[in-house]
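Have a look at the structure below, then the notes.
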Amino acid sequence: MTLKVVVVGAGVVGAACAFHAASAGLDVTVTDRGPVGAGTTSRGEGNVLLSDKEPGPELDLARLSRTLWDEVGGELGPDTFELEAKGGLVVASGPEGLAALQEFAARQEAAGVRAERVDRVRDLEPHLAPGLPGGVHYPQDAQVQPVLAAAALLRAAVRHGARFRQGEVAGAVTGRDGRVTGVRTAAGEVLPADAVVNAAGTWGGEVGRRLGAPVEVLPRRGFVLVTEPLPPMVRHKVYSADYVAGVASSDAGLETSCVVEGTRGGTILIGASRERVGFDTTMNTAVVTRLAAQACRLFPFLRGVHLMRAYRGFRPYCPDHLPVVGPDPRVPGVVHACGHEGAGIGLAPATGALVTAHLLGRPWRGADPAAHTGLLPDRFLTPGGAPQ
Amino acid sequence: MSEPADLVVVGAGPAGMAAAATALAGGVRVVLLDSQAALGGQYWRHPPEHARALVATDDLHHGLRRYRALCQALAAHRTTGRLDLRLGHHAWSVVREDDGFAVHAVDRREAPRETALVLRAPRLLVATGAYDRQLPFPGWDVPGVLTVGGLQALLKGGGVAAGSRVALGGTGPFLLPVAAGLAARGVEVVAVCEAAHPRAWLRHPGPLLRNPGKWAEGAGYAAALLRHRVPVRPRTAIVAAAGGARVTSVRIASLAPDGSPRPGTERRVEVDAVGVGWGFAPQLDLLVPLGCALTDSADGNAVVAVDGGQRTTVPGVYAAGETCGVGGAALAVNEGRLAARSILADLGAGPLPVNGRPAAPRSAVTRQRAFARAMALAHPLPPAWPSWLTDETVVCRCEEVSAGAIRTARAEGAHDHRQVKQLTRAGMGWCQGRMCGPAVHCLTARGRAYEPAERLVATPVTLGALADLDETPPAPPAPPVPPVPPASTADGETDKECP
Ligand SMILES: Cc1cc2nc3c(=O)[nH]c(=O)nc-3n(C[C@H](O)[C@H](O)[C@H](O)COP(=O)(O)OP(=O)(O)OC[C@H]3O[C@@H](n4cnc5c(N)ncnc54)[C@H](O)[C@@H]3O)c2cc1C
Ligand SMILES: Cc1cc2nc3c(=O)[nH]c(=O)nc-3n(C[C@H](O)[C@H](O)[C@H](O)COP(=O)(O)OP(=O)(O)OC[C@H]3O[C@@H](n4cnc5c(N)ncnc54)[C@H](O)[C@@H]3O)c2cc1C
């Protein structure tokens, strides 16, 4: 009998889970309260990065994901979601920053990331400000268009037999042994399920609670700036080395460390700030002007370029800044796949493969549950089964 | 202005001018800003001050007496220092702060140089008007095909007629003044294609009868058009335009009741310019990010929701004029005054000096709103307009997204313009969906009111100007000041209804 799986959430992570699970022959239903990719996925920049990750469980998942993005591109056509292996260039602003960056890169190399020291950054990016002491080039860094990627993955899942339906998940139905037997929607329907995947992103905490398996997922606000379309001026994803510090930080205040990159449409994206302000949607002009100033320092030509729009989103993060991926021991059948913070686009294919491996009970497409135990929800639970 | 302002008014069209004048008459300090180089907005658009002597536009205007009176009142308050008038200033964002609002603007008086600055006050009035609602059709992107508002702006703002043989199309009474203005400048207006049936007005006779001024206005234009032999053709539409470097012809068709072209009625007419207008979409860019609630208006647009005193749902934020729904200049003026009275009351500024005349802007607003509603219902978008489009017709001109691509996105489950944008890039370009948003909405979400996408940046700003703002240290917060007592003179601003 095929395993019936309900995936909650049709963001890039849910779509990737559906894609892999359906490819593996499971009976998959995806349900979202809105259309595909309309959540945080539509707010992300689409960076698929290895460069910003420290050796550890997240980098392990990111390396697998980078390979799987290429596989997805091969299967669905890289143009369907604007997959571009453009590479990243991290630049230091002073000699101390350069030393720290090179030390960081050396550790990444030891963990299997390709990193190349660059002394003359303007050879790679001619429009960078003069006088920057150097940087590191990461050829594996890539880019996708997140909503197109989610839509393409979901379409492919449907071709493999999956179903997509709109509906808000209100709770789980469990059998006498406490195992999940279905999912209840807000409209009162019950979708039969042997397993439920919590891929609700920033709302994963709430969905987990509704399923009887709460996990702590919190919002971290970010603004992204988009310029008018230009002829190609920026070739790589370019960012200052401060970004590395910003990602790893857990300060409550505002952090901005800008990443500058061109898109296929010709616009330049400048992102992104990080603020812990709950789900506050108000505009923060101080963030916008700060990002603009940082971007202009990196690329002085941007001073004359128009900011055309700005948008913001809420990254889903867990207290330890690692995603939570794997079965929840408290409610058999519930599998979490959320909390990817600022890396959920990049990490989506590997997350989908890892969830599928957990469901199958064996490795799938290079994802071996035994190699990713650091992401299991168990890390938040005391032996008694309650959140710590 | 050395002392802090009590009120910032964004937009110096009929609504913003009237509001500022009334508020100043009530004794408060006002900052009035507008992106244009001259006061007046869309209705009273004028060439910049330095060019006025060269370009005569007075004969194109109506209600100029009122315009001049408002200009004079504002000028007097500039002299006293209570009005800080900032023309050539475009607001790109407004945010709430602890004790009021910060209007982020760019000063473009020395364009292309831009300087970013922040204007602060405890109260905010948004009177940013509306812009032309457009519907795509094959050839609408050929040079020389303009909006009627664009044609009018060229005429009133620069004395320029866009062509010598012009066809106008769309729906709504605003086609008529534009036709009359062009004809007055010697332009041959070959046809005014009005999609609606004139009988549609008869379904709502009440508001029509209660607004005799509007009758007179309409009759005036009709007489002018008759004099210039401009043919007004009801139940027709411009369904295609053709040309290379410049438009050379249009195709005009009679419409069936659902708005689809009647087979066999299409005919080709040679032109060198075209103006099309399907009513207006309110300019809500500053209001939506502030969290102001919207409500549906009769013309298919969402507009900002206001109470009987023009207060939005966000305390301290007021709206007047076309942001609250399209209804003409007289209504805009009255709403501006009404808003100013609420602001004065809410600031505790005491009663307005009355010029011996009873003040009744509220009842005028109610009556004129009813008229606007009847007007909107009599001039709906033809439901079957999408049948004019081929799959190749470009809908989003900035990103070159075709009707076919949008139909595909819809078939894949996209059910509003935001979702279509994510999948096709329609609305992601320079105009940020201001041009194609209503059309994309109609193609995907027929039946619901059009709510524009949230735009956190209301006008493109150079990153350099923003960067400089980041570098400047913030000014210390201004201490709150008690409201200034009302002035004893009434500065010529009366509360009589605008004709
Ligand atoms: C400004 C910004 C920039 C970013 N840049 C990048 C980047 O460059 N690279 C990168 O990898 N990541 C980036 N991210 C992070 C990335 O966007 C997220 O990690 C990722 O989109 C999360 O995807 P998801 O599928 O888990 O969540 P979502 O896309 O939010 O999907 C969750 C879905 O669950 C649905 N849902 C919620 N509750 C329910 C319910 N009860 N019932 C049914 N459905 C429900 C929602 O409607 C939603 O569609 C960025 C984020 C932000 C905010
Ligand atoms: C073609 C046409 C014909 C018309 N014919 C008639 C007619 O015959 N009779 C009639 O009564 N009405 C007519 N109208 C309608 C009339 O123009 C409007 O009712 C009136 O102008 C609305 O006044 P308002 O103050 O609300 O907005 P507007 O006049 O549009 O003024 C808004 C002002 O706000 C400014 N602004 C907008 N956003 C910003 C920003 N972010 N920062 C700074 N400034 C900003 C704009 O530059 C503009 O000056 C016509 C309109 C058009 C387009």
Please enumerate the residues belonging to region A:108-137 that are assigned to a loop (DSSP other than H, G, I, E, B), touching a residue at least 24 places away in the same chain (Cβ under 8 Å) and not small (G, A, S).
A:V113, A:R114, A:E125, A:H127, A:L128, A:L132, A:P133
Among the residues of region A:342-352, is any out of contact with any Ser or Thr (no Cβ under 9 Å at 6 or more places or on another chain), of a type outside the set (G, A, S) and assigned by TED's automatic domain parsing to the domain that holds A:L64?
no
Residue by residue through region A:61-98, note down the ones that are of a type in the set (G, A, S) and either surrounded by fewer than 18 Cβ atoms within 10 Å (Cβ to Cβ) or away from ligand 1 (no atom under 13 Å from the Cβ) (or both).
A:G73, A:G74, A:G77, A:A85, A:G87, A:A92, A:S93, A:G94, A:G97
Qualifying residues in region B:1-14 (those that are under 26 Å from the mean Cα position of the chain (by Cα) and either charged (D, E, K, R) or part of a helix (DSSP H, G or I) (or both)) - the one farthest from ligand 2 (Cβ to nearest atom)
B:D6
Only one of (1) touching a helix residue (DSSP H, G or I) at 6+ places or on another chain (Cβ under 8 Å); (2) surrounded by fewer than 18 Cβ atoms within 10 Å (Cβ to Cβ) does not apply to A:N47, and that is (2)
Would you check which residues across region B:15-33 are assigned to a helix (DSSP H, G or I) and either hydrophobic (A, V, I, L, M, F, W, C) or within 18 Å of B:L155 (Cβ to Cβ) (or both) and list them?
B:A15, B:M17, B:A18, B:A19, B:A20, B:A21, B:A23, B:L24, B:A25
Do any strands (runs of 3 or more DSSP E) lying entirely in region A:1-107 carry at least 2 residues that are more than 28 Å from A:F223 (Cβ to Cβ) and touching a residue at least 60 places away in the same chain (Cβ under 8 Å), and which ones are they?
A:4-8, A:27-32
So if I check each of A:L191, A:L225, A:L211, which one is at pLDDT 95 or above and under 26 Å from A:G44 (Cα atoms)?
A:L225
With the first residue restricted to region B:140-163 and required to be more than 12 Å from B:L60 (Cβ to Cβ) and of a type in the set (S, T, N, Q), and the second required to be within 15 Å of ligand 2 (Cβ to nearest atom) and in a loop (DSSP other than H, G, I, E, B), Cβ contacts under 8 Å at 6 or more apart or on different chains are B:T147/B:Q134
Unique match (being more than 30 Å from B:P289 (Cα to Cα), within 10 Å of ligand 2 (Cβ to nearest atom) and modelled with pLDDT of 95 or more) among B:L175, B:L155, B:L87, B:L168:
B:L168
Which residue out of B:A200, B:A237 is in contact with a His (Cβ under 8 Å, 6 or more places away or on another chain) and more than 16 Å from ligand 1 (Cβ to nearest atom)?
B:A200
Set A:E45, A:E58: member being within 13 Å of ligand 1 (Cβ to nearest atom) and away from chain B (no Cβ under 14 Å):
A:E58
Report yes if some residue within region B:34-42 is in contact with a Leu (Cβ under 7 Å, 6 or more places away or on another chain), buried (at least 19 other Cβ atoms within 10 Å of the Cβ) and not in a loop (DSSP other than H, G, I, E, B); otherwise report no.
yes
Residue set B:A25, B:A21, B:A73; condition crowded, with 21+ Cβ neighbours inside 10 Å, closer than 17 Å to B:L344 by Cβ and within 14 Å of ligand 2 (Cβ to nearest atom); output residue B:A21
Look at A:V226 and say whether it is within 14 Å of chain B (Cβ to nearest Cβ), part of a strand (DSSP E or B) and either within 22 Å of A:T174 (Cα to Cα) or more than 10 Å from ligand 1 (Cβ to nearest atom) (or both).
yes
When region B:28-60 is examined, which residues are found to be near ligand 2 (Cβ under 10 Å from one of its atoms) and either over 20 Å from B:A73 (Cα atoms) or not charged (D, E, K, R) (or both)?
B:L32, B:L33, B:S35, B:Q36, B:A37, B:A38, B:L39, B:G40, B:G41, B:Q42, B:Y43, B:W44
Filtered residues of region A:295-332 (kept if at the interface with another protein chain (Cβ under 7 Å from one of its Cβ atoms) and assigned to a helix (DSSP H, G or I)):
A:A295, A:C296, A:L302, A:R303, A:G304
Answer residue from region A:137-173, given it is of a type in the set (S, T, N, Q) and crowded, with 24+ Cβ neighbours inside 10 Å and is nearest to A:A213 (Cα to Cα) among those:
A:Q145
Picking from B:R229, B:R203, B:R199, B:R210, which residue would you name as being surrounded by fewer than 19 Cβ atoms within 10 Å (Cβ to Cβ), under 25 Å from the mean Cα position of the chain (by Cα), farther than 24 Å from B:L389 by Cα and of a type outside the set (S, T, N, Q)?
B:R210
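The values are calculated or read from the model by the stated rules, or taken from the named source; none is laboratory data. Quick caveat: nothing in here was measured; it's all calculated off a predicted structure. Ideal geometry is used to build each Cβ from the backbone, glycine not excepted, and the neighbour counts take in all protein chains shown.
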